[in-house]
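Here is the structure we will look at, set down as C-alpha cells.
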Amino acid sequence: MQPRLDAGGTLRQIFQTYGAQAGVLLPVAFCLYLIVAVVTALLAGRLALSPLVFAVAIVAATLYQGMVVGLVKDVQDGRRDSSVGDLVDAAWPVVLPLIGAGLLSGIAIGIGILFLLVPGLILLTIWAVIAPVIVVEHSGVIAAFGRSRELVRDNGWQVFGVIFTVYAITAVAGIVFGVIGAGISDSVGMRIVANLVSSTVTAPIGALAAATIYFGLLSIKGGSEASSPTLPPEAPTTPPPPEAPAAG
C-alpha cells in the first residue's frame, strides 16, 4: 500500500523552514503583496468584485510559491544560503506561465467558492502544487493543472488538511491585523497597511506549504523532479564477423 502524505509532519516542516528563512521570505512577500493590499483595500465591501480580489491574491500567491520552491528544495538538501535574489531568479524564467496559471486557477476557484463552496475547495486542493510543477518540471500552464491533480490523487484529504490549516491561520491573522488597523484608523491607508502586514506575515506559510507538499508527494509517488521521455533500449552491439581470408 502506498504511503500517505504526513499532514502533521508537513506542517512542522513548513513552520521550521519559515523560522529559519524568515529573513529571506519576508522582504519578497512585502514587495509582492503591496499590490494585493492596495487592490483589497480599494475593493473592500464590494461583493460583486470579490472574485477579482481573490484572483489577484491567487496570482500573487502562485508567483510567490514559484519563488519559494527552490528555497524549500535547498533546505531539504541541507543548503541554507538562499538570498532574495535567488528567490526572484528561480521564478523569473517561468513568470508568464505562473501568472497564467494563477489567473486561471484564481478565477475558477473564486467562482467555485462564491457560488458553490465545495467545488471551489476541491479545486483548491487538486491544484495545490501547480506553481512547483511549473518551476521544477518546466511544465506548460494547462499541463501543470493535470500534473498537480495527478500528484494529489490518493492524498486529497491530507493535502486539504494542510491547506485548511494554512488558510485558517491566514484568516485569523487577517482578522487580527484588520481589527488592530480599524482601531487605529478606518481610513483606506490604514486598511492597506493592515492588509500588507497581514499578507507579508502569512504569505510565506502558504508558499512553503505548496512547495513542501509538492516534494512530499513527489517522494511518495517515487517520481522524478522533471519528467523526461523514456528512450527505447539500445540494441546490443555485436562485433562484426571476421573477414574471410582472401583466396590464394
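Quick notes on this one:
- Kirkwood hydrodynamic radius of the stretch 52-149, from the reciprocal of the average inverse Cα-Cα distance over all distinct pairs: 13.7 Å.
- Computed over the chain: relative contact order in percent, which uses C-alpha pairs under 8 Å that are six or more apart: 30 percent
- Fully extending the segment from residue 31 to residue 107, taken as 0.36 nm per residue of separation minus the present Cα-Cα distance, adds 25.1 nm.
- Looking at the stretch 57-124, the trypsin sites (Lys or Arg not before Pro) that sit in a DSSP loop and have at most 12 other Cβ atoms within 10 Å of their own Cβ are 79, 80.
- The helix-based estimate of mean residue ellipticity at 222 nm for the chain, built from -39,500 (n - 2.57) per DSSP H run of four or more residues and divided by its residue count, is -26000 deg cm²/dmol to the nearest 500.
- Span-rule helices in the chain, defined as complete DSSP H runs reaching 20 Å or more along the axis (Cα) with Kyte mean at least 1.6: 95-115, 156-184
- Convex hull of Cα atoms in the chain, direction-averaged projection (nm²): 19.7 nm²
- Rg(Cα)/(2.2 N^0.38 Å) for the stretch 1-98, N = residue count: 1.28
- Here the Gaussian network model covers the chain, with springs between Cα atoms less than 10 Å apart; of 210, 131, 182, 182 fluctuates the most.
Values quoted throughout were computed directly from the atomic coordinates according to the rules given, and no laboratory measurement underlies them. Model, not experiment: these values are computed from the prediction. Neighbour counts are summed over all protein chains in view; Cβ atoms, including those assigned to glycine, are modelled from backbone coordinates with ideal geometry.
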